Each structure stands twice: as structure tokens, then as C-alpha cells.
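Asker: I am attaching a structure below and will ask some questions about it afterwards.
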2 protein chains.
Amino acid sequence: MVEPIGPKEEHILNIAMQVFVEKGWHGTKMQEIADRAGVNKAMLHYYFRSKERLYSTIFRQLFMKYMSSLSDSFQPEQDFASTLKQFINRFSDMLRDNPQLPMFVARELSEGGAIVQQCVRELVKDGKLQTPQKFIDEIKKAEARGEIEHMEEPVHFLFTLIGSCIYFFLAGPIIKPLFPGLLSDPDAFLEKRKEAIFKHLYFGIKKRGDNT
Amino acid sequence: MVEPIGPKEEHILNIAMQVFVEKGWHGTKMQEIADRAGVNKAMLHYYFRSKERLYSTIFRQLFMKYMSSLSDSFQPEQDFASTLKQFINRFSDMLRDNPQLPMFVARELSEGGAIVQQCVRELVKDGKLQTPQKFIDEIKKAEARGEIEHMEEPVHFLFTLIGSCIYFFLAGPIIKPLFPGLLSDPDAFLEKRKEAIFKHLYFGIKKRGDNT
DNA sequence: GATTAATTTAACCAACTGGTTAAATATCGG
DNA sequence: CCGATATTTAACCAGTTGGTTAAATTAATC
């Protein structure tokens with residue numbers, strides 16, 4: 001089903017991915033892809049027929065990468081604290097390596113052209129987006145083990161968790177000018193960020209032993 | 001400095017705002033604004049000279065609205081628990097009334113054309129984006145009062161908090177198809193979401209009295 | 001009611017966009 | 001080396017885009 005693609009084709013695909021991720025569907029011009037890939041514009045159509053096809057290939061790939069990383073980052077461990085810690089670790093590392101990925105996915109889904117909508121419909125239909133249930137089940141188990149507090153709707157914790165991990169990467173352009181210096185050592189920052197998220201979500205901020 | 005604008009001008013501005021919020025800079029066409037506003041395309045240029053100017057007016061306005069709502073939602077109360085609860089309440093309500101606002105701001109900042117960059121530079125220079133410090137100061141006070149745990153870098157809590165509130169609105173297009181039925185009663189959902197966020201961040205999920 | 005200024009319109013324009021095509025060039029099996 | 005196939009190019013095309021303009025219409029002023 002997945003026909004093999006030549007190195008040239010792959011090179012174009014990689015460049016196109018960069019441009020689409022940076023500028024989105026409307027902001028991306030075929031000419032710019034061609035220029036940055038160092039090929040004639042007609043080559044893009046030779047290999048991919050149309051902007052729609054090229055985009056659809058790329059969106060599908062990146063959307064799956066994003067959703068898969070959610071799934072892959074979540075691996076049940078001995079206790080839920082470890083599971084949570086590992087998820088934050090892995091998911092944050094993926095975001096560090098693909099900082100523009102969540103913005104791309106969110107933006108394209110929100111602009112929601114026909115291509116994107118069809119893509120998502122297919123993936124949902126094929127059952128390829130079932131991360132959440134895995135998550136929720138594990139939360140319920142940890143709850144049953146008496147490890148964590150009872151949650152009425154575990155899905156909320158999922159939202160809180162993902163939101164906490166992602167926000168920094170989505171809001172980067174606001175945060176950077178507001179906190180100059182915060183990112184002088186990005187790696188160190190991310191490590192602290194991971195710890196902070198875990199502490200906030202697992203222990204909360206309330207002073208323990210305080211019953212007010 | 002702010003010249004008074006006629007009702008017609010304002011009408012166009014409102015429509016233009018809708019279109020820009022929906023489709024972003026590149027996705028917005030002057031013709032569509034004109035059509036939806038029920039005016040001749042030349043009128044847009046008559047009132048606003050260029051797409052850049054029109055956009056710049058709108059971006060500035062919406063970006064300030066977003067940043068102000070962050071600031072306005074944060075009003076110190078008797079105790080930090082109440083402050084936090086109220087912030088989540090107010091900020092979430094604003095998001096409910098302007099669900100596309102965070103996506104718009106994030107998207108435009110990430111595409112980061114010259115207009116946006118200059119806009120942000122001006123606002124930062126004019127000191128109009130100083131919400132965060134207010135926040136951090138209050139956290140430190142609550143810490144000093146012994147109300148909450150010590151935080152090495154309170155700014156992380158800010159990120160976790162905002163991320164938790166915003167994620168649902170940014171990820172709406174992913175969440176809706178994945179959790180059909182979750183939003184059958186959006187208002188009820190949001191109320192539960194507010195409570196959940198507060199619980200997660202203030203108390204954490206760890207079973208209390210458990211010292212593992 | 002005439003004159004002036006503000007508003008609105010249709011027609012137009014140059015630049016750009018995605019896409020095509022036919023010819024040129026490179027590649028490769030024989 | 002030859003033919004066939006795959007790749008690459010420049011020129012081109014029709015539709016769209018932001019923007020202009022001059023004339024027409026309306027509103028305001030006297």
C-alpha cells in the first residue's frame with residue numbers, strides 16, 4: 001500500500017514538511033517549497049500531483065506522529081507516580097524535538113479544510129486514535145489500588161496533563177519576550193519544567209498537613 | 001490618539017475580526033471580508049488603507065484582550081485557594097465566550113509575520129504585558145503565609161495553570177471527534193472542567209495520607 | 001438649491017498562485 | 001551505441017489577490 005519513494009521524493013517531502021509546519025496550509029506556497037528544496041516547481045507536481053496531495057501526505061504523517069507520541073509516551077509502570085513521571089518525560093522530550101508540532105496540528109485542525117477533516121475522519125474510523133481510553137483505564141486502576149484520589153471524570157486529568165506539557169510550546173512566542181533569560185539554557189529549563197508539572201499534578205500546591 | 005470611528009467602520013472591523021480569527025492572516029481574503037460585511041471591497045481600503053493595517057488593528061485589539069483577560073481574571077482574594085478558584089472561573093468563562101481567541105493569538109504569534117512581531121515589540125516596550133509578575137508575587141506571598149508549598153520557580157505554576165485552562169479550547173477539534181457526547185451539555189462540562197483543574201492543581205491527585 | 005465634501009461603486013491592474021505542457025536532458029537496459 | 005523511459009526545465013496559462021482609480025452617488029454646509 002505504501003509505495004516506496006525515491007531519495008529525491010523524500011527530500012522534497014522533508015522540505016515541504018518544514019514549510020507546511022512553519023506556515024500552515026494557506027501560508028505555504030509551492031514556489032517556496034521548490035526553492036528551498038532546490039528543484040523546479042514542476043517537480044513538485046511531477047511527484048505529488050497537487051498541493052492538496054502533498055499536504056495531505058504530510059498532515060497525515062505529522063498528525064499520526066503527534067497522536068502516536070501521546071500513546072507511546074504512556075507506558076504503565078509499577079506505580080502511577082512513575083507512569084505519570086515517565087509520560088511527562090517522554091512527551092516533553094518529543095515536544096522538545098518537535099517544538100512546532102502541536103502548533104501545526106492545532107492550527108490545521110482549527111482551520112479545518114476539507115483535507116484535514118477527511119484525514120481525521122479516516123483515522124477515527126480506522127480506530128487509530130484510541131490513546132485516551134488506555135489512559136483512562138490506567139487512571140481507574142491506580143484509583144482502585146488506592147494510589148490516587150477518586151476522579152469523577154478521568155478525562156479531565158488527561159486534559160490537564162497534556163495542556164500542562166504542551167502550553168509552553170504553544171505559547172513560546174508569547175513567553176520568550178515576556179521572560180527573557182528564562183530560556184538561556186533550554187535543556188535545563190525543560191528538566192525543571194518536567195519536575196514542576198509532576199509536582200503540580202501529583203502533589204498539588206497545597207501545603208500538606210494543612211487542613212484549611 | 002484613538003480617533004473615533006463611525007458605525008460603518010466598526011461594522012467592517014467586527015466582520016474582519018471574525019474572518020481573521022477564523023482563518024488567520026494568510027487564510028483571510030479581503031473579498032471575503034467585504035462580502036460578509038455587505039460592502040464593496042474598495043470600502044475596506046477606503047477605511048483601512050491596506051490588509052496590513054486592518055489586520056494590525058485587529059491583532060493588537062485581540063492580543064490585548066487576551067492578555068488583559070489573564071490579568072483581569074487574577075484578583076487576590078483572602079486565601080490563595082480562592083484566588084486560584086476565581087482565576088480558573090473567570091479565565092474559563094472568557095474562553096467560553098471567545099473560544100477561538102487562544103488559537104488565533106497562538107497561531108498568529110507562531111506564524112509571526114512582521115506585523116505581529118512589531119505589535120508585540122511595541123506592547124512589551126510600553127510595559128503593557130506585565131501580568132506575570134503580579135501572579136508570581138502573589139504566589140510568593142501565599143508561600144510566605146505557609147498556605148502553599150515552596151516553589152523554586154513560580155512561573156512554572158503559571159504555565160501549568162494557563163495550559164490546563166486553555167488546552168481544551170486549543171484542542172477542541174481533536175477532542176470533539178474523540179469524545180463524542182462529552183460536550184452534549186457544554187456549560188455543564190465547563191463547570192466540571194473548572195472544578196477538575198482546581199482539584200488537580202491545588203490538591204494534586206495523590207491519595208492524601210499516603211506516604212509512598 | 002448650489003457647492004462642497006464624504007461615501008460608494010464598477011472597472012481595472014499588476015503581481016502572484018497552483019498547475020500544465022512540450023521540449024530538453026539524463027538514465028538505463030539491450 | 002540505441003531506443004525507451006524517467007527526470008528536469010523554461011515558458012506558459014487561467015484564476016485569484018491586494019490594491020487603485022475615476023466617476024457616480026449621497027450627505028452636509030451654506
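The values are calculated or read from the model by the stated rules, or taken from the named source; none is laboratory data. Because the structure is predicted, anything quoted here is derived from the model rather than measured. Cβ placement follows ideal geometry from the backbone for every residue including glycine, while neighbour counts extend to all protein chains displayed. Quick note on the areas: whole protein, heavy atoms, side chains included, nothing else; ligands and nucleic acids left out. Shrake-Rupley method; radii C 1.70, N 1.55, O 1.52, S 1.80 Å.
Condition check ((1) among the polar types (S, T, N, Q); (2) closer than 21 Å to A:Gly181 by Cα; (3) in a helix (DSSP H, G or I)) across all residues:
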| position | (1), (2), (3) |
| --- | --- |
| B:Gln117 | yes, yes, yes |
| B:Arg121 | no, yes, yes |
| B:Lys140 | no, yes, yes |
| B:His156 | no, yes, yes |
| B:Ile166 | no, no, yes |
| B:Pro180 | no, no, no |
| B:Leu183 | no, no, no |
| B:Arg193 | no, no, yes |
| B:Tyr202 | no, no, yes |
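Asker: Are any of the residues in segment B:107-114 open to solvent by 60 Å² or more (accessible area, probe 1.4 Å), within 16 Å of DNA strand D (Cβ to nearest atom) and assigned by TED's automatic domain parsing to the domain that holds B:Gly163?
Answerer: yes
Asker: When you go through (1) among the small types (Gly, Ala, Ser); (2) farther than 30 Å from A:Leu183 by Cα; (3) in contact with a Leu (Cβ under 7 Å, 6 or more places away or on another chain) one by one for A:Gly127, which number turns out not to apply?
Answerer: Condition (3) is where A:Gly127 drops out.
Asker: If you don't mind, there's one more thing I want to ask. Among the residues in segment A:61-70, are any open to solvent by less than 80 Å² (accessible area, probe 1.4 Å) and over 30 Å from A:Asp187 (Cβ atoms)?
Answerer: Scanning segment A:61-70 turns up no residue that is open to solvent by less than 80 Å² (accessible area, probe 1.4 Å) and over 30 Å from A:Asp187 (Cβ atoms).
Asker: Looking at segment B:135-152 only, could you name the residues that are closer than 15 Å to A:His200 by Cβ, among the acidic types (Asp, Glu) and at the interface with chain A (Cβ under 8 Å from one of its Cβ atoms)?
Answerer: Selection gives B:Glu149, B:Glu152.
Asker: How many residues are under 13 Å from B:Ala142 (Cα atoms), open to solvent by less than 10 Å² (accessible area, probe 1.4 Å) and without any contact (Cβ under 8 Å) to a residue 60 or more places away in the chain when one looks only at segment B:73-92?
Answerer: Within segment B:73-92, residues that are under 13 Å from B:Ala142 (Cα atoms), open to solvent by less than 10 Å² (accessible area, probe 1.4 Å) and without any contact (Cβ under 8 Å) to a residue 60 or more places away in the chain number 1.
Asker: Please go through segment B:89-108 and pick out each residue that is in a helix (DSSP H, G or I) and within 23 Å of B:Gln75 (Cβ to Cβ).
Answerer: Hits for segment B:89-108 are B:Asn89, B:Arg90, B:Phe91, B:Ser92, B:Asp93, B:Met94, B:Leu95, B:Arg96, B:Asp97, B:Leu101, B:Pro102, B:Val105.
Asker: Out of A:Arg49, A:Arg36, I need the residue that is under 24 Å from A:Phe169 (Cβ atoms), loosely packed, with under 15 Cβ neighbours inside 10 Å, more than 21 Å from the chain's Cα centre (by Cα) and free of Cβ contacts under 8 Å to residues at least 60 places away in the same chain. Which one?
Answerer: Just one listed residue meets the conditions, A:Arg36.
Asker: For residues that are more than 7 Å from chain B (Cβ to nearest Cβ), modelled with pLDDT of 90 or more and open to solvent by 20 Å² or more (accessible area, probe 1.4 Å), tally how many sit in segment A:153-181.
Answerer: The number of residues fulfilling the criteria is 1.
Asker: In addition: Give the residue that is nearest to A:Glu152 (Cα to Cα), with candidates limited to residues of segment B:183-212 that are among the hydrophobic types (A, V, I, L, M, F, W, C) and at the interface with chain A (Cβ under 7 Å from one of its Cβ atoms).
Answerer: Within segment B:183-212, the match that is nearest to A:Glu152 (Cα to Cα) is B:Ala196.
Asker: Go through segment B:21-70 and give me each residue that's out of contact with any helix residue (DSSP H, G or I) (no Cβ under 8 Å at 6 or more places or on another chain), more than 14 Å from chain A (Cβ to nearest Cβ), farther than 15 Å from B:Ile5 by Cβ and more than 11 Å from DNA strand C (Cβ to nearest atom).
Answerer: Passing the criteria: B:Asp35, B:Ser50.
Asker: Looking at segment B:135-144 only, could you name the residues that are more than 18 Å from the chain's Cα centre (by Cα) and either within 23 Å of A:Phe169 (Cβ to Cβ) or surrounded by fewer than 17 Cβ atoms within 10 Å (Cβ to Cβ) (or both)?
Answerer: Within segment B:135-144, B:Ile136, B:Asp137, B:Ile139, B:Lys140, B:Lys141, B:Ala144 meet the criteria.
Asker: Any residue that is open to solvent by less than 80 Å² (accessible area, probe 1.4 Å) and over 30 Å from B:Val120 (Cα atoms) - is there at least one of those in segment A:187-198?
Answerer: Yes, segment A:187-198 has at least one match.
Asker: Looking at segment B:96-134 only, could you name the residues that are facing chain A (nearest Cβ under 8 Å) and within 16 Å of the chain's Cα centre (by Cα)?
Answerer: B:Gln100, B:Met103, B:Val105, B:Ala106, B:Arg107, B:Leu109, B:Ser110, B:Val120, B:Leu129, B:Pro132, listed by residue number.
Asker: Against the definition (open to solvent by 40 Å² or more (accessible area, probe 1.4 Å) and either outside the structural domain of B:Ser73 (by TED's automatic domain parsing) or hydroxyl-bearing (Ser, Thr, Tyr) (or both)), how does B:Ser184 come out, yes or no?
Answerer: So B:Ser184 passes the test.
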